Amino acid sequence: MRVVFIGPPGAGKGTQSQRLLKYLQVPHISTGDLLREAVRNRTNQGLLAEKYMSEGCLVPDPVMIDLVGKRLDDPDCLGGCLLDGFPRTLGQAQALDRYLTEHSGPLDGVLELKVNENVLIQRLAGRGRSDDEPKVIRQRFRTYRDRTEPLLEYYRVRGLLESIDGIGTQDEVFDRIRQALTRLGERIKSTRGA
Ligand code: ADP
């Protein structure tokens, strides 16, 4: 399956994506991880991305599209993948659609992990990552609201969106994710006749 995982900072996407990967048996494309690795290795993309990341802003679309496109070209991604943290803008979503149409196959679904912002701020306060200081957290939320939330509508009208309540134990949330995947699978069967 080719699935996109969307959620605001601190929604628990990291934990749930680990479980999802085992469940779906597909490779993980986490743009946060790819970028942090690029920063560690002092690559050109890493050097460019660092400033945006430390301020809670988005790395420019061309950089992201290039980074993800290269990873999607890897043979292990042909049969499916979990896209975690990408797309985050409409431009990225359109680029992804174009890429998938030309290369592997269409997106099967988009999972949105929903958690109320006050809960998120409390969770992030205890995490201690360098971009988790309050000022940067607030900026990351603004970025999410302004740039990424519009994507939900983009996918909803295409019948690809499943929203999941992210409040509860890890098991409860994962159960909801599994149910959402089942619904997506049924929808695919009925629309593509597979
Ligand atoms: P979180 O979801 O907790 O905000 P991530 O680990 O997904 O964090 O991303 C960390 C940072 O990397 C983001 O704040 C942003 O600066 C950058 N980033 C990650 N994915 C993208 C993307 N698709 N487009 C632009 N910037 C990105």
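Given Cβ point charges of +1 (Lys, Arg) and -1 (Asp, Glu) and nothing else, what value in debye, to the nearest 20, does the dipole of the stretch 1-105 about its Cα centre take?
300 debye
Scan the stretch 29-100 for trypsin sites (Lys or Arg not before Pro) in coil per DSSP, keeping those whose Cβ has at most 14 other Cβ atoms within 10 Å, and list them by number.
Arg42
Can you list the GluC sites (Glu not before Pro) in the stretch 1-75 that are in a DSSP coil and have 15 or fewer other beta carbons within 10 angstrom?
Passing both the DSSP loop test and the Cβ count: Glu55.
Sequence gap at least 6, Cα distance under 8 Å: using those rules, report the relative contact order of the stretch 1-69 to the nearest whole percent.
Contact order relative to length: 18 percent.
Which loop trypsin sites (Lys or Arg not before Pro) in the stretch 135-194, with loop taken from DSSP, have no more than 15 other Cβ atoms within 10 angstrom of their Cβ?
Arg158
How high is the relative contact order of the chain, in percent, with contacts defined as C-alpha pairs under 8 Å that are six or more residues apart?
Once divided by the residue count of the chain, the mean separation gives 31 percent.
Fewest first, what order do Asp132, Asp146 take by the number of other Cβ atoms within 10 Å?
Final ranking by Cβ density, sparse to dense: Asp146, Asp132.
If R0 is 30 Å, what FRET efficiency do you get for Asp73 and Gln18 from their C-beta distance, rounded to 0.05?
0.80
Please get the size of the charge dipole for the chain, origin at its Cα centre, with Cβ charges of +1 on Lys and Arg and -1 on Asp and Glu, quoted in debye to the nearest 20.
Magnitude of the dipole: close to 180 debye.
For the stretch 29-182, what class follows from the C-alpha gyration tensor (a ≥ b ≥ c being the square roots of its eigenvalues): rounded when a/c is under 1.5, otherwise prolate if a/b is larger than b/c, else oblate?
It is oblate, given that a/c is not under 1.5 and a/b is not larger than b/c.
We did not get these values from a lab; they are worked out from the coordinates using the rules stated. Predicted model, so just to flag it, every value in this text is computed and none were measured. When we count neighbours, we look across all protein chains shown, and the Cβ atoms used for this are built from the backbone with ideal geometry, even at glycine.
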